[in-house]
Amino acid sequence: MRQGLFASPRPDNLGLHDGMLAPAPSTPNGVSSQATDSKHYVAPLPMPQDCCVSAMEKLHGIIESMGHAEIVSEDGGYLHAEFHTPVLGFVDDVEIVCNEEEGVCHVRSVSRRGLSDLGKNRQRVEDIRQRLEGWGYCS
């Protein structure tokens, strides 16, 4: 991906920590389905029971189709993508992890810079959710 004026280094807290994604930031520039406060909480993504592999394949395709996104890593039931804004190059990190026990995919979407994202991360997660709508089977 092209670097922009406001690109910043990849945070070192990404990934799973004791089976959990990193906490949402204290600032209003991100959301997480594992957040405990309503300001940052977003519902997890639906996943049919025992479909982690298919869910991750579907989510990979959705993210690639959204534009300005790059899949950085994918390992089993975990995916990390970076979304870059055109021109200025702000970067948002999106992480998704399957939880087969709960039958959901937990999601975290956070801007690297700034105090506010103007709702962009929540909107992105809801866009992914909408694109998943109607998907209820394993392939």
Point to revise | Residues of the range 103-138 satisfying the condition of being assigned to a strand (DSSP E or B), closer than 17 Å to ALA43 by Cβ and of a type in the set (S, T, N, Q) | key: SER109
**Study point:** Among (1) within 21 Å of PRO9 (Cβ to Cβ); (2) open to solvent by less than 80 Å² (accessible area, probe 1.4 Å) - the single one ALA43 does not satisfy
**Key:** (1)
Practice item. Look through the range 54-71, keep the residues that are of a type in the set (A, V, I, L, M, F, W, C) and in contact (Cβ under 8 Å) with a residue 60 or more places away in the chain, and return whichever of them is most open to solvent (accessible area, probe 1.4 Å). Key: MET66
Revision key, fill the gap. Residues of the range 43-102 being polar (S, T, N, Q), outside any strand (DSSP E or B) and over 19 Å from ARG131 (Cα atoms), in sequence order, are THR85
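In the list CYS105, CYS98, CYS52, which residue meets the criterion of being among the hydrophobic types (A, V, I, L, M, F, W, C) and over 20 Å from ASN13 (Cα atoms)? Don't jump to the end; show me each part of the working.
On the way: CYS105 fails: over 20 Å from ASN13 (Cα atoms); CYS98 fails: over 20 Å from ASN13 (Cα atoms).
One residue alone meets the criteria, CYS52.
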Check your understanding: Based on what the data block shows, is ASP75 open to solvent by 20 Å² or more (accessible area, probe 1.4 Å) and over 16 Å from the mean Cα position of the chain (by Cα)?
Key -> no
Check your understanding: Just for the range 23-35: of the residues that are under 17 Å from VAL97 (Cβ atoms) and either at pLDDT below 95 or outside any loop (DSSP other than H, G, I, E, B) (or both), which one is most open to solvent (accessible area, probe 1.4 Å)?
Key -> PRO23
Practice item. Name, by its number, the condition in (1) modelled with pLDDT of 90 or more; (2) farther than 20 Å from ILE71 by Cα; (3) of a type in the set (A, V, I, L, M) that does not hold for MET56. Key: (2)
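Would you mind stating whether VAL91 is at pLDDT 95 or above, over 10 Å from the mean Cα position of the chain (by Cα) and open to solvent by less than 60 Å² (accessible area, probe 1.4 Å)?
Working: at pLDDT 95 or above: no; over 10 Å from the mean Cα position of the chain (by Cα): yes; open to solvent by less than 60 Å² (accessible area, probe 1.4 Å): yes.
Judged against the criteria, VAL91 is not a match.
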Check your understanding: So which of ARG131, ARG122, ARG112 is farther than 20 Å from PRO11 by Cβ, touching a residue at least 60 places away in the same chain (Cβ under 8 Å) and open to solvent by 30 Å² or more (accessible area, probe 1.4 Å)?
Key -> ARG131
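The values are calculated or read from the model by the stated rules, or taken from the named source; none is laboratory data. As the structure is a prediction and not an experimental result, all values here were calculated from the model. For neighbour counting, all protein chains shown are included, and Cβ atoms are generated from backbone atoms with ideal geometry for every residue, glycine included. The protein model used for the area step is the full one, side chains on, heavy atoms only, and it has no ligands, DNA or RNA in it. Shrake-Rupley method; radii C 1.70, N 1.55, O 1.52, S 1.80 Å.
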